[in-house]
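Novice: Starting off with a structure, shown below.
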Amino acid sequence: MAGHNDSQQKKETGAVQPAGRVAQLNESPATSAVQDDVRYTAAAYSIDQERLVGLEFIRATEAAALNAYKWMGKGDKESADFAACDAIRGLFDTVAISGTVTIGEGAKDQAPGIFKGEKLGTWCPGSIRMAIAVDPIDGTTIVSKGLPGAISVIAAATCENPEDDPNKLLADIPSFYMNKISFGPKVKHGPGRIRLDNTVQDNLEIIALKLGKRVQDLTVVVLDRPRHERLIHDIRRAGAAIRLISDGDIAGAIAPSLPGSGVDVYMGTGGSPEAVLAAAGIKCLGGEILAQMWPRDDAERKALKDSGLTDADLNRVYTADDLAKGNRILFAATGISDSTLLKGIRYEDTHVITYSILMRAKNQTVRYIKTVHNLDMKMIRLRSDRQEHAL
């Protein structure tokens with residue numbers, strides 16, 4: 001009878017199955033389904049599913065940028081932000097990922113936003129688990145005023161092991177703002193060390209030396225804010241040029257790592273979520289960002305300490321590797337208006353053109369994507385009514 005059973009098993013499966021598989025056939029359907037799901041997920045990771053979903057992230061930032069552009073120059077930043085969020089949510093309702101937003105947007109200024117803990121994607125069995133950082137519009141004020149410098153940004157991080165939790169890969173910084181300095185690969189490597197506690201003069205001299213320039217030939221990006229009055233004075237006193245930006249410091253912080261950007265370094269204080277998003281992009285380019293929590297006043301410092309943070313925590317200097325952990329980092333952005341990172345949206349007759357960037361840290365691959373959308377056929381799916389709408 002044993003020989004008959006082996007023969008029958010060969011006939012049905014093409015080979016005698018190992019004992020583990022025979023035992024599995026007697027397990028409950030639920031147990032078997034779970035094991036099949038684990039094997040499917042492991043297989044998905046082995047084929048680099050991150051690569052497969054990359055274009056979907058670009059489609060999401062494109063949809064956000066296009067939907068927000070309707071509010072360009074109309075003085076209503078909250079409506080623009082809602083439009084971008086609605087388009088991102090709607091697009092991800094069709095994407096086979098299990099995404100959790102770990103760095104959201106909106107808490108800082110009570111704007112409409114995609115918030116921490118929100119789920120994006122279909123969450124179908126076996127879909128890749130991702131931690132997501134999102135800023136539907138980096139520069140809502142820019143959009144409302146019709147100014148250059150606005151982009152839509154999403155970053156995602158995935159674990160090497162599908163059984164690990166990705167939700168700690170993108171740092172959740174509790175302070176509203178961080179003091180930052182970012183620079184490219186040439187400055188990151190070699191002699192001399194950039195430090196947040198260096199004088200501006202010292203840092204600029206080190207950067208100039210590593211880039212083979214004079215200090216007076218350097219260009220520094222700084223947010224145009226009253227709090228940066230002393231920083232601006234010190235940069236100009238050192239002899240470097242300044243490119244002031246009104247908002248949108250993600251693009252500004254990434255720019256020094258991009259060849260041909262015309263920017264050598266970014267300095268100043270800006271949003272903490274933006275620091276994490278910038279770090280994700282900078283890791284894909286081999287550059288570096290140094291960032292430290294920057295309490296705005298004594299009340300915020302006290303609140304941070306009351307939450308359990310120590311002086312050592314507040315004084316900690318984060319690097320790109322601290323803010324965006326691991327090498328399975330994906331960064332996608334689409335320009336809304338012209339910035340140091342990307343061109344903005346262009347309307348030409350019956351078409352609209354978008355300019356995007358897609359980067360991965362694993363191989364430091366950078367793709368610039370120009371997309372031509374036919375206005376007679378382009379549709380954007382929105383979460384608010386789960387319908388597709390003509391552009």
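The values are calculated or read from the model by the stated rules, or taken from the named source; none is laboratory data. This is a predicted model, so every value here is computed, not measured. As a convention, Cβ positions derive from the backbone with ideal geometry for all residues, glycine included, and neighbour counts pool all protein chains shown. Ligands, DNA and RNA are excluded from the accessible area calculation, which covers all protein heavy atoms including side chains. Shrake-Rupley method; radii C 1.70, N 1.55, O 1.52, S 1.80 Å.
Novice: If DNA, RNA and ligands are ignored and the probe is 1.4 Å, what is the ranking of Arg237, Arg227 by accessible area, most exposed first? Kindly include the intermediate steps, with their values, before the conclusion.
Specialist: Working: Arg237 190, Arg227 90 Å².
The most accessible residue leads, giving Arg237, Arg227.
Novice: Then there's this: Over the chain, what percent of the accessible surface lies on carbon and sulfur atoms, probe 1.4 Å? Show your work: numbers first, answer last.
Specialist: On the way: 9160 of 18140 Å².
Of all accessible area on the chain, carbon and sulfur atoms account for 51 percent.
Novice: So how far apart, in nm, are the two label points at Lys370 and Lys305 if each is 7 Å from Cα heading toward Cβ?
Specialist: In this crude label model, Lys370 to Lys305 measures out at 5.6 nm.
Novice: With an 8 Å cut-off on Cα pairs and a minimum separation of 6 or more residues, tell me the relative contact order of the stretch 173-295 in percent. Display every interim value, and only then the final one.
Specialist: Details: 238 pairs, mean separation 53.5, N = 123.
43 percent.
Novice: Pop out the ³J(HN,Hα) list for the stretch 187-203 in order, Karplus 6.51 cos²θ - 1.76 cosθ + 1.60 with θ = phi - 60°, rounded to Hz; leave Gly and Pro as x.
Specialist: Per-residue couplings from phi come out as 7, 5, 9, x, x, x, 10, 6, 9, 5, 8, 5, 6, 4, 4, 5, 4 Hz.
Novice: Express as a percent, rounded to the nearest 5, the fraction of DSSP beta bridges in the stretch 78-208 (both residues included) that run antiparallel.
Specialist: Values: 8 of 14 bridges.
Approximately 55 percent, going by the DSSP bridge assignments.
Novice: What does the charge dipole of the chain about its Cα centre add up to, to the nearest 20 debye, if the Cβ of each Lys and Arg holds +1 and the Cβ of each Asp and Glu holds -1? Intermediate results must be reported in sequence, preceding the final value.
Specialist: On the way: 48 positive and 50 negative charges, 180 e Å.
So the dipole magnitude of the chain works out to roughly 860 debye.
Novice: List, in the order given, every pair from Lys145/Lys343; Lys145/Lys305; Lys77/Lys180 whose Cα-Cα distance in the structure shown is over 29 Å. Let's see the in-between values first.
Specialist: Numbers: Lys145/Lys343 17 Å; Lys145/Lys305 37 Å; Lys77/Lys180 26 Å.
Over 29 Å apart, Cα to Cα: Lys145/Lys305.
Novice: What is the distance, in nm, between label points placed 7 Å from the Cα along the Cα-to-Cβ direction at Arg193 and at Leu244?
Specialist: It works out to 3.5 nm between the two label points.
Novice: For the chain, build the charge dipole from Cβ charges (+1 Lys, Arg; -1 Asp, Glu) around the Cα centre, then report which of Thr141, Gly271, Ile369 sits farthest towards its positive end.
Specialist: Ile369
Novice: What is the distance in Å between the Cα centres of the stretch 162-241 and the stretch 61-99?
Specialist: Each part's Cα centre sits 31 Å from the other's.
Novice: Jot down the radius of gyration and Dmax of the chain, Cα atoms only, both in angstrom.
Specialist: In Å, with Rg to one decimal and Dmax whole: 24.0, 93.
Novice: How high is the relative contact order of the chain, in percent, counting Cα pairs under 8 Å that sit 6 or more residues apart?
Specialist: Values: 872 pairs, mean separation 69.1, N = 391.
Over the chain, the number comes to 18 percent.
Novice: Can you give the accessible area of Thr158 in Å² (nearest 10), computed on protein heavy atoms with a 1.4 Å probe?
Specialist: Here the accessible area works out near 10 Å².
Novice: Let me ask you something else. In Å², what does the accessible area per residue of the chain work out to with a 1.4 Å probe?
Specialist: Details: 18140 Å² over 391 residues.
Roughly 46 Å² per residue, with all protein chains present.
Novice: Using 7 Å Cα-to-Cβ label points, what is the Asp321/Gln216 separation (nm, one decimal)?
Specialist: 3.9
Novice: Under the classification rounded if a/c is under 1.5, otherwise prolate if a/b is larger than b/c and oblate if not, where does the stretch 204-260 fall, given a ≥ b ≥ c as square roots of the Cα gyration tensor eigenvalues?
Specialist: Values: a/c = 2.63, a/b = 1.19, b/c = 2.21.
In terms of gyration-tensor shape, oblate.
Novice: Hey, what number do you get for the chain at 222 nm if only DSSP H runs of n ≥ 4 count, each worth -39500 (n - 2.57), divided across all residues, to the nearest 500? It would help to have the intermediate numbers written out before the result.
Specialist: Values: 14 runs with 144 residues, N = 391.
Estimated from H runs of four or more residues: -11000 deg cm²/dmol.
Novice: Go through 123-134, 322-333, 378-389, 57-68 and give me the packing order, highest mean Cβ count within 10 Å leading. Let's see the in-between values first.
Specialist: Working: 123-134: 21.5, 322-333: 23.6, 378-389: 14.5, 57-68: 26.7.
So the peptides 123-134, 322-333, 378-389, 57-68, ranked by packing, come out 57-68, 322-333, 123-134, 378-389.
Novice: Listed highest first by mean packing, meaning other Cβ atoms within 10 Å per residue, what order do 286-296, 69-79, 300-310 come in? Could the numbers behind the result be given before it?
Specialist: Working: 286-296: 21.4, 69-79: 16.6, 300-310: 12.9.
Highest-to-lowest ranking by the protection proxy: 286-296, 69-79, 300-310.
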